[in-house]
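**Student:** Here it is, the structure, as structure tokens.
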Ligand SMILES: [Zn+2]
């Protein structure tokens, strides 16, 4: 899954450098509902993402916005210095804290993926605090 590096400063009131993709998500879902965008164009999660969503994710508190099933999962990846190019999958808060204490410049990407219909969307990108803040 190609991730877009955020260039926008993010919404006011959010952490500095964080980018919220919920508006883009909502717009895309409206296009699917209106028929402007075909469902096959948005329900295209790659096999690897689905595998991660099945085994290393959190169950979403809401049903899938496309198929309505309770098969929606929240997956978190951390990218940045001294991490694999494909990022590191994070499944617990403790793991996230540990990665946040690493070198500065790491970012956490939160993605939702549906095990049922393969819907997937980037939710937000948040810079991690870095070594000084995570004491
Ligand atoms: Zn679905």
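**Student:** Which of the residues belonging to region 47-65 are within 13 Å of residue 111 (Cβ to Cβ), assigned to a helix (DSSP H, G or I) and either within 14 Å of the ligand (Cβ to nearest atom) or in contact with a helix residue (DSSP H, G or I) (Cβ under 9 Å, 6 or more places away or on another chain) (or both)?
**Tutor:** 49, 50, 53 - these are the residues of region 47-65 that are within 13 Å of residue 111 (Cβ to Cβ), assigned to a helix (DSSP H, G or I) and either within 14 Å of the ligand (Cβ to nearest atom) or in contact with a helix residue (DSSP H, G or I) (Cβ under 9 Å, 6 or more places away or on another chain) (or both).
**Student:** Next question, about the same structure. Scanning region 85-102 for residues that are in a loop (DSSP other than H, G, I, E, B) and crowded, with 18+ Cβ neighbours inside 10 Å, which turns out farthest from the chain's Cα centre (by Cα)?
**Tutor:** 102
**Student:** Kindly provide the set of residues from region 66-84 that are under 19 Å from residue 28 (Cα atoms) and not in a loop (DSSP other than H, G, I, E, B), ordered by number.
**Tutor:** Matches in region 66-84: 72, 73, 74.
**Student:** For a quick check of your reading of the model, give me the residue pairs whose first member lies in region 29-45 and is farther than 19 Å from residue 63 by Cα and free of Cβ contacts under 8 Å to residues at least 60 places away in the same chain, whose second is within 12 Å of the ligand (Cβ to nearest atom) and assigned to a helix (DSSP H, G or I), with beta-carbon atoms closer than 8 Å and at least 6 apart or on different chains.
**Tutor:** 38/32
Conditions (1) at pLDDT below 95; (2) surrounded by fewer than 18 Cβ atoms within 10 Å (Cβ to Cβ); (3) out of contact with any helix residue (DSSP H, G or I) (no Cβ under 9 Å at 6 or more places or on another chain); (4) within 30 Å of residue 43 (Cα to Cα), marked per residue:
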| position | (1), (2), (3), (4) |
| --- | --- |
| 80 | no, no, no, yes |
| 83 | no, yes, no, yes |
| 104 | yes, yes, yes, no |
| 108 | no, no, no, yes |
| 113 | no, no, no, yes |
| 118 | no, no, no, yes |
| 121 | no, no, no, yes |
| 133 | yes, yes, no, no |
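**Student:** How many residues does region 64-77 hold that are in contact with a strand residue (DSSP E or B) (Cβ under 9 Å, 6 or more places away or on another chain) and under 11 Å from residue 119 (Cβ atoms)?
**Tutor:** 8
**Student:** Name the residues in region 103-121 that are more than 16 Å from the ligand (Cβ to nearest atom) and within 15 Å of the chain's Cα centre (by Cα), would you?
**Tutor:** Hits for region 103-121 are 106, 107, 108, 109, 110.
The values are calculated or read from the model by the stated rules, or taken from the named source; none is laboratory data. What you see is a predicted model; the values in this text were computed from it and never measured. Ideal geometry is used to build each Cβ from the backbone, glycine not excepted, and the neighbour counts take in all protein chains shown.
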